[in-house]
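Right, one structure below, let's go through it.
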Amino acid sequence: MRQHYGAEMDPRHSPNRSELIAIWHDELLTLAALAAGLDDQQWQAYSPCPGWTVGDLVAHTIDIEQVLAQDARPDHEPDWAALPHATGDVGRFTEIGVDSRRGRPRADVVAELLDTTQRRLAQIQAVPDGEEVMSPFGRPTSVERLMRVRTLDIWVHEQDIRLAIGQPGGMESDAAMVTLQQFMEGLPRLWAKAAQAPAGTTVHLVISDVGRGVEAWAVSKEDARGEVSHPVVEPTVTLTLSWSDYLTLSAGRAPVDQVIDRVAIDGDHALGQRLLSSMTITP
């Protein structure tokens, strides 16, 4: 666990297929090891995800991997009246696999996670190069894309657990860098569509505390389209923030007013605030 592949902890390194599989697998093992070391009080601690405990996050991870494995889903109907946080089709779908595991012994849930992890690894490794697999949303995708999406989801939930139990860590792991890459890849769309930046305006995003600093640039085009931009001398907005605060905003774990005092906004302050308020990309 916590091995490194390719350029260690470098978000500029784009992992290949085998590296992405290894990073995803390593992150699942890291989550299992973290969960195995918890006591009952920590297991039952509430996480930043509404209505979900630490144990629920582990159950959710198992459930989604089993959905991708095409396992039969639990024959379980939750008491929806007791679960007001489970709203919409996606919320109710994910709640079934979580609620069906509530009350089970912690050791049994961790053992199921480890068993599911090894079965999924064998499945993914058996997929021929170039063949598509199903995404969590039921659409065909590449193995590389699936590994990136799953790594992001699992690593963010690792951070949810660490926050709930007061054990920070893992912010510079390979899974963290894969997650950071995906957040930054979403910048052009957020800038042009979510923040409604006028055509021709540019944003410069700086994550100040990863390596020697990590940057991304985007420009807004006509019809609310965003594109990656080359560096410009005077961007419309420059945002400088920490990796921790960028995670908080991108994963929607806290409102912008809890973070904004720690963000440096240069240029068009109002437009910069609008981007910060629109930064969430996770479902």
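The values are calculated or read from the model by the stated rules, or taken from the named source; none is laboratory data. All figures in this text were calculated on a predicted structure; none of them were measured in a lab. With ideal geometry, Cβ positions are generated from the backbone for all residues, glycine too; neighbour counts draw on all protein chains shown.
Quick test for you: out of Glu222, Glu185, Glu215, pick the one residue that is surrounded by fewer than 21 Cβ atoms within 10 Å (Cβ to Cβ) and over 21 Å from the mean Cα position of the chain (by Cα).
Values: Glu185 fails: over 21 Å from the mean Cα position of the chain (by Cα); Glu215 fails: over 21 Å from the mean Cα position of the chain (by Cα).
Just one listed residue meets the conditions, Glu222.
With the requirement that a residue be touching a residue at least 24 places away in the same chain (Cβ under 8 Å) and within 28 Å of the chain's Cα centre (by Cα), what does the stretch 225-234 give you?
If the condition is that a residue be touching a residue at least 24 places away in the same chain (Cβ under 8 Å) and within 28 Å of the chain's Cα centre (by Cα), then Arg225, Gly226, Glu227, Val228, Ser229, Pro231 are the ones that fit.
Name the residue, out of Gln66, Gln118, that is within 16 Å of Ile154 (Cα to Cα) and free of Cβ contacts under 8 Å to residues at least 24 places away in the same chain.
Details: Gln66 fails: free of Cβ contacts under 8 Å to residues at least 24 places away in the same chain.
Residue meeting the stated conditions: Gln118.
Condition (residue is among the charged types (D, E, K, R), at pLDDT below 95 and at positive phi) applied to the stretch 219-228: is it met by at least one residue?
Checking the stretch 219-228: at least one residue is among the charged types (D, E, K, R), at pLDDT below 95 and at positive phi.
Using the structure shown, decide if Ser173 is assigned by TED's automatic domain parsing to the domain that holds Leu34, in contact with a Lys or Arg (Cβ under 9 Å, 6 or more places away or on another chain), of a type in the set (S, T, N, Q) and touching a residue at least 60 places away in the same chain (Cβ under 8 Å). Please lay out each step first, then the result.
Values: assigned by TED's automatic domain parsing to the domain that holds Leu34: yes; in contact with a Lys or Arg (Cβ under 9 Å, 6 or more places away or on another chain): yes; of a type in the set (S, T, N, Q): yes; touching a residue at least 60 places away in the same chain (Cβ under 8 Å): yes.
Taking the combined requirement at face value, the residue satisfies it.
Going through the stretch 235-253 one residue at a time, which ones are without any contact (Cβ under 8 Å) to a residue 60 or more places away in the chain and at negative phi? Talk me through it step by step, then tell me what you get.
Residues of the stretch 235-253 without any contact (Cβ under 8 Å) to a residue 60 or more places away in the chain: 235-242, 245, 248-249, 252.
Within the stretch 235-253, Pro235, Thr236, Val237, Thr238, Leu239, Thr240, Leu241, Ser242, Asp245, Thr248, Leu249 meet the criteria.
Go through (1) in contact with a helix residue (DSSP H, G or I) (Cβ under 9 Å, 6 or more places away or on another chain); (2) crowded, with 19+ Cβ neighbours inside 10 Å for Pro198 and report which single condition fails.
Pro198 satisfies all of (1) in contact with a helix residue (DSSP H, G or I) (Cβ under 9 Å, 6 or more places away or on another chain); (2) crowded, with 19+ Cβ neighbours inside 10 Å except (2).
Please report, ordered by residue number, the helices (runs of 4 or more DSSP H) entirely within the stretch 165-283 with at least 3 residues that are closer than 30 Å to Ala35 by Cβ. Give the steps one after another, and end with the answer.
Values: elements: 174-185, 243-250, 269-276.
Qualifying helices (runs of 4 or more DSSP H): 174-185, 243-250.
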